[in-house]
1. How many residues, within segment 85-118, are in contact with a helix residue (DSSP H, G or I) (Cβ under 7 Å, 6 or more places away or on another chain) and either open to solvent by 50 Å² or more (accessible area, probe 1.4 Å) or part of a helix (DSSP H, G or I) (or both)?
2. Restricting attention to segment 119-148, report how many residues are more than 20 Å from residue 8 (Cα to Cα) and in a helix (DSSP H, G or I).
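The values are calculated or read from the model by the stated rules, or taken from the named source; none is laboratory data. A quick note: this is a predicted structure, and the numbers were derived from the prediction, not measured. All Cβ positions, glycine included, derive from the backbone under ideal geometry; neighbour counts span all protein chains shown. When the accessible area is computed, the model is the full protein with side chains, heavy atoms only, and any ligands, DNA or RNA have been set aside. Shrake-Rupley method; radii C 1.70, N 1.55, O 1.52, S 1.80 Å.
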Amino acid sequence: MGVLRLYAIAIDEVRSMVGARPEDAERLRTQAQAALAPPTPGPDQRHGLLGKLGPIFRRVPGTPVLDPGEPSMHDYEVLITGGYVPAERVGATWRAQERLVRENCWGTLRLDLTAAQLDDLDFALARGQVSAAYGLRHLLNSSASLSLLPVRGLWVGYHRHDTALAMGDAYRAALAAIPTEEQRELVTTLVDWLDGFPHWAPVAAQLGRPAPDLIGFWSE
């Protein structure tokens with residue numbers, strides 16, 4: 001099952017996370033530390049016999065098992081300082097970057113879409129007179145020009161703010177021509193989310209941030 005994640009955030013803000021300015025680096029480190037913080041244990045984990053027998057185990061009960069593909073604080077630090085990313089840590093560093101994107105974006109949308117479903121949705125939109133330039137594949141194939149090396153099974157692309165606005169209008173106009181109920185629900189969900197862009201832009205301006213662009217991550 002593939003997963004499409006869409007984020008509303010300026011591409012320049014995303015690019016500046018790598019080798020971040022000192023005033024931004026501290027904020028990003030704080031966000032990374034929060035993302036890495038273990039969940040607060042429930043009452044059944046804090047008390048009871050197992051909680052008191054930790055020393056007889058190789059791992060204290062309740063301690064999270066670290067996935068080697070998950071980002072560590074070192075991965076975040078390398079990203080934030082613009083350091084060298086070893087080949088075996090590229091995937092984890094991509095996860096770190098996406099989590100910082102999610103933390104700083106104006107809005108996010110997740111859709112479970114296989115490659116076939118994604119292509120079928122683009123075809124349905126094309127039948128509704130939506131330009132291929134506004135298709136999801138085109139979004140993912142429009143390189144975000146981020147500094148990390150590509151990894152197998154992950155596509156990252158973006159469209160500028162004005163294109164995101166145009167996509168919302170084009171998808172709305174095509175709704176009546178979408179052939180299946182499932183696809184109409186997907187397009188409706190996309191339209192509702194894209195409708196946030198006209199509202200996020202003035203708020204961003206008031207806060208001294210650039211208008212959000214559309215960033216897409218899709219993994220198989």
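1. Adding up the residues that qualify gives 13.
2. 10
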